[in-house]
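Peer 1: Supplied in structure tokens, the structure appears directly below.
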Amino acid sequence: MVIELRGISKTFKVARRNPGLKKAVKSLFKRQYSIIHALDDVSFTIEDGEMVGYIGPNGAGKSTTIKIMSGILYPDKGECIINGRVPWKDRINHVREIGVVFGQRSQLWWDVPVADSFELIRDIYNIPENKYRRNVKKLVELLDIGDIIKMPTRQLSLGQRMRCEIAASLLHSPKILFLDEPTIGLDAVSKIAVREFIKDINKENKTTVILTTHDTQDIEALTKRIILIGKGRVLLDGNIDDLKLRFNRIKTITIDYAGDLNQLPEGMAYVEKYEGHAVIHIDTVEISVSSAISYLAEKVDITDFTVDTATMDDIVVRLYKEYRL
Amino acid sequence: MKAYISFFRIRFINGLQYRTAAYAGIATQFAWGFMFIMLYQAFYKSNPGIVPMPFDQLSSYIWLQQAFLALYMTWFVNNDIFNLITNGNVSYELCRPLDIYNMWFTKSCAYRLSRAALRCFPILIAAFVLPEPYKLGMPYSWIFAILFIVSMALALIVVVAYCMLVYIFTFYTISPVGARITLVMIADFLSGGLIPLPLLPDWLTKYIDFSPFAAMQNVPFRIYSGNIPADKAALAVLLQVAWAVILVAIGKILMSRALKNVVVQGG
């Protein structure tokens, strides 16, 4: 296996106070700190060439985990071995083999064309010239940034810049790629391009990819396995298909209707209900879809209806609910 | 090594984008240079008896100072590095297979050298053709010229190593303002940035001379015009070497400690 985390914990001390001038002055003399358990006994292993979605609500500890795995932060407790190294102890050798994209940060020089930043990265990683050329050509083609890389970073839109950031993180052909919200700010076309691209490098170069995201379509399109983290703990580590199967018990019916609809039989429940429009969950173990529909058809005049199986969004929402996140 | 050279390259490219800023800088430095020289002339005229530094040497000192302002002024800190720390982009810096201290040291040197290289020549050339005693003279002798160049390089190392301490303190304080103002003001005064050290009272300079501050611009600019005699110049250069080693060592130790406790700002 390439990545192994065992019992990783990390706490931060955070100064906090209530708003207002008076409270601010008071905190000059007496600070109140609280300890935040960003990570609490996090363990998992990831095999070579795997692609894993690392999900959880805001502030769950996703980015902290990524930062520990990339050698930026020292954990308080626990072990982490990646490619046979402890990231924070042997940082320089470790980072040579990984690529990181922080969706909300930039590694490109603000005032110079992107291509100049690429050349700096080439020299930092000591990439041989022919390999560099090959990689740039491929990345430029796949991410469609041929025209963009001649422009200064400051003149790029967020989506254009993100594509360049991703390219910049892959110039040295890393074995492991950490993507911290890589599709932030991308338009639909770019998103699909980036996803296709990540899939490609995972398949072709056997690059291990770990991806944190809030975009459930990213997860659906890219990963087979997800690790759910909440309040600093790993809550679930499993296969997406299993999850879907588990959650597909519940189907969603959306109907537009005329008439009165109040009571629902066992196995059906409102998610939303407005005048003439309702979203209803059906537990297929208790009531079949066809009997649910015939029940509704009997009660009211249906003008339009759809039946949906659980989307990735639903699954994530339900997971968060189930674990009280 | 290639990586470090590359930092210089991208810095120069970066600097070249701001031509207007460079022109404005040159104009400012001229104005300051003339202003200082006029000011000192007034002082020198009012009491010609006791002059600790001949006027022509003073003129050379001031023109060198203005031409190489970007190299030695401690307040000329690299804001990019402060921003990296305060907004959390330091994450990316730590993802590079390079030693952070060496990388920032190089970045700072590149920042100063690129700015100085873009600005120094017009000032130097113009100062050379000014009338006596306001002009920038020739080096005292060719030995002093060599010593001057060696001492310039050492002074840059001392200044950058000192500024590195300011960057490192930012890891602890988050806002760079406090540490920066204190450390920078002390250095500016004690290094001869405001007033050349020979013009300060002797009871003070006899201590300052051994401090890291005297190992900054003070040494090369005074060696140039022969204000420091040969034997003392050698000692001064040795002191520069010593301070360069000490400051870099302190910086490296503090940096490795800071990185153990680093907190990345902004998630």
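Peer 1: Can you pull out every residue in segment A:157-192 that is hydrophobic (A, V, I, L, M, F, W, C) and surrounded by 19 or more Cβ atoms within 10 Å (Cβ to Cβ)?
Peer 2: A:MET162, A:CYS164, A:ILE166, A:ALA167, A:ALA168, A:LEU170, A:LEU171, A:ILE176, A:LEU177, A:PHE178, A:LEU179, A:LEU186
Peer 1: Go through segment A:93-144 and count every residue that is more than 11 Å from every other protein chain (Cβ to nearest Cβ) and either among the β-branched types (Val, Ile, Thr) or closer than 22 Å to A:THR64 by Cα (or both).
Peer 2: Of the residues in segment A:93-144, 3 are more than 11 Å from every other protein chain (Cβ to nearest Cβ) and either among the β-branched types (Val, Ile, Thr) or closer than 22 Å to A:THR64 by Cα (or both).
Peer 1: Follow-up question, since we're still on this one. Conditions first: (1) in a loop (DSSP other than H, G, I, E, B); (2) within 30 Å of A:SER169 (Cβ to Cβ). A:ARG195 passes all but one, so which condition is the exception?
Peer 2: Going through (1) in a loop (DSSP other than H, G, I, E, B); (2) within 30 Å of A:SER169 (Cβ to Cβ) one by one, A:ARG195 breaks only (1).
Peer 1: Could you grab me the full set of residues in segment A:68-81 that are more than 13 Å from chain B (Cβ to nearest Cβ) and out of contact with any Ser or Thr (no Cβ under 7 Å at 6 or more places or on another chain)?
Peer 2: A:GLU79, A:CYS80, A:ILE81 - these are the residues of segment A:68-81 that are more than 13 Å from chain B (Cβ to nearest Cβ) and out of contact with any Ser or Thr (no Cβ under 7 Å at 6 or more places or on another chain).
Peer 1: Take the conditions surrounded by fewer than 19 Cβ atoms within 10 Å (Cβ to Cβ) and among the hydroxyl-bearing types (Ser, Thr, Tyr) and apply them to A:THR254. Does it pass?
Peer 2: Taking the combined requirement at face value, the residue satisfies it.
Peer 1: Right, another one. Taking the condition of a type in the set (Ser, Thr, Tyr), within 14 Å of chain A (Cβ to nearest Cβ) and crowded, with 19+ Cβ neighbours inside 10 Å, does B:SER59 pass?
Peer 2: no
Listed here are the residues, each with its yes/no results for (1) modelled with pLDDT of 90 or more; (2) not in a strand (DSSP E or B).
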position: A:LYS22; (1), (2): no, yes
position: A:SER27; (1), (2): no, yes
position: A:THR45; (1), (2): yes, no
position: A:ALA60; (1), (2): no, yes
position: A:ILE66; (1), (2): yes, yes
position: A:VAL101; (1), (2): yes, no
position: A:TRP109; (1), (2): no, yes
position: A:ALA115; (1), (2): yes, yes
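Residue-by-condition table, conditions (1) within 14 Å of chain B (Cβ to nearest Cβ); (2) more than 17 Å from A:LYS175 (Cα to Cα); (3) exposed (fewer than 15 other Cβ atoms within 10 Å of the Cβ); (4) of a type in the set (D, E, K, R):
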| site | (1), (2), (3), (4) |
| --- | --- |
| A:GLY7 | no, yes, yes, no |
| A:ALA15 | yes, yes, yes, no |
| A:LEU21 | no, yes, yes, no |
| A:VAL25 | no, yes, yes, no |
| A:SER34 | no, yes, yes, no |
| A:ASP40 | no, yes, no, yes |
| A:ILE66 | yes, no, no, no |
| A:PRO87 | yes, no, no, no |
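Peer 1: Please indicate, with yes or no, whether at least one residue in segment A:109-125 is in contact (Cβ under 8 Å) with a residue 40 or more places away in the chain, surrounded by fewer than 24 Cβ atoms within 10 Å (Cβ to Cβ), under 17 Å from the mean Cα position of the chain (by Cα) and closer than 30 Å to A:GLY146 by Cβ.
Peer 2: No, because not a single residue in segment A:109-125 is in contact (Cβ under 8 Å) with a residue 40 or more places away in the chain, surrounded by fewer than 24 Cβ atoms within 10 Å (Cβ to Cβ), under 17 Å from the mean Cα position of the chain (by Cα) and closer than 30 Å to A:GLY146 by Cβ.
Peer 1: While we're on this one: Which of the residues that make up segment A:288-325 are at pLDDT 85 or above and touching a helix residue (DSSP H, G or I) at 6+ places or on another chain (Cβ under 8 Å)?
Peer 2: A:ILE302, A:PHE305, A:VAL307
Peer 1: Just to be sure I understand, how many residues within segment A:145-168 are within 23 Å of B:SER91 (Cα to Cα), more than 14 Å from chain B (Cβ to nearest Cβ) and of a type in the set (D, E, K, R)?
Peer 2: Qualifying residue count, segment A:145-168: 1.
Peer 1: Go through B:PHE36, B:PHE76 for me and flag whichever is out of contact with any Asp or Glu (no Cβ under 9 Å at 6 or more places or on another chain), at pLDDT 90 or above and either among the hydrophobic types (A, V, I, L, M, F, W, C) or not in a helix (DSSP H, G or I) (or both).
Peer 2: B:PHE36
Matching residues to (1) more than 14 Å from chain A (Cβ to nearest Cβ); (2) surrounded by 22 or more Cβ atoms within 10 Å (Cβ to Cβ); (3) of a type in the set (Asp, Glu); (4) over 18 Å from the mean Cα position of the chain (by Cα):
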| site | (1), (2), (3), (4) |
| --- | --- |
| B:ASN78 | no, no, no, no |
| B:ARG112 | yes, yes, no, no |
| B:PHE121 | yes, no, no, no |
| B:PHE128 | yes, no, no, yes |
| B:PRO133 | yes, no, no, yes |
| B:ILE143 | yes, no, no, yes |
| B:SER151 | yes, yes, no, no |
| B:LEU156 | yes, yes, no, no |
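Peer 1: Okay, moving on. For segment A:106-131, how many residues are out of contact with any helix residue (DSSP H, G or I) (no Cβ under 6 Å at 6 or more places or on another chain) and of a type in the set (Lys, Arg)?
Peer 2: Result for segment A:106-131: 1.
Peer 1: Separate question: On the basis of being free of Cβ contacts under 8 Å to residues at least 60 places away in the same chain and under 28 Å from the mean Cα position of the chain (by Cα), does A:LYS13 make the cut?
Peer 2: Judged against the criteria, A:LYS13 is a match.
Peer 1: Please go through (1) within 12 Å of chain A (Cβ to nearest Cβ); (2) in contact with a Lys or Arg (Cβ under 7 Å, 6 or more places away or on another chain); (3) touching a residue at least 12 places away in the same chain (Cβ under 8 Å) for B:PRO97 and return the number of the only condition it doesn't satisfy.
Peer 2: It fails just one condition, (3).
Peer 1: How many of the residues in segment B:1-30 are under 20 Å from B:CYS109 (Cβ atoms) and not hydrophobic (A, V, I, L, M, F, W, C)?
Peer 2: Qualifying residue count for the region: 10.
Peer 1: Quick one: is B:ILE253 part of a loop (DSSP other than H, G, I, E, B) and not acidic (Asp, Glu)?
Peer 2: The answer is no for B:ILE253.
Peer 1: Which members of segment A:49-64 meet the condition of being farther than 23 Å from A:GLU220 by Cβ and either surrounded by fewer than 23 Cβ atoms within 10 Å (Cβ to Cβ) or more than 14 Å from chain B (Cβ to nearest Cβ) (or both)?
Peer 2: A:GLY59
Peer 1: Within segment B:208-229, does at least one residue satisfy the condition of being within 19 Å of the chain's Cα centre (by Cα), away from every other protein chain (no Cβ under 14 Å), within 30 Å of A:TYR74 (Cβ to Cβ) and assigned to a helix (DSSP H, G or I)?
Peer 2: no
Peer 1: Give just the number: which of (1) among the hydroxyl-bearing types (Ser, Thr, Tyr); (2) surrounded by 15 or more Cβ atoms within 10 Å (Cβ to Cβ); (3) farther than 30 Å from A:PHE118 by Cα does B:TYR4 not satisfy?
Peer 2: Failing condition for B:TYR4: (3).
The values are calculated or read from the model by the stated rules, or taken from the named source; none is laboratory data. Just so it is clear, the structure is predicted and the values come from calculations on it, not from any experiment. Cβ: placed from backbone, ideal geometry, glycine included. Neighbour counts: every protein chain shown.
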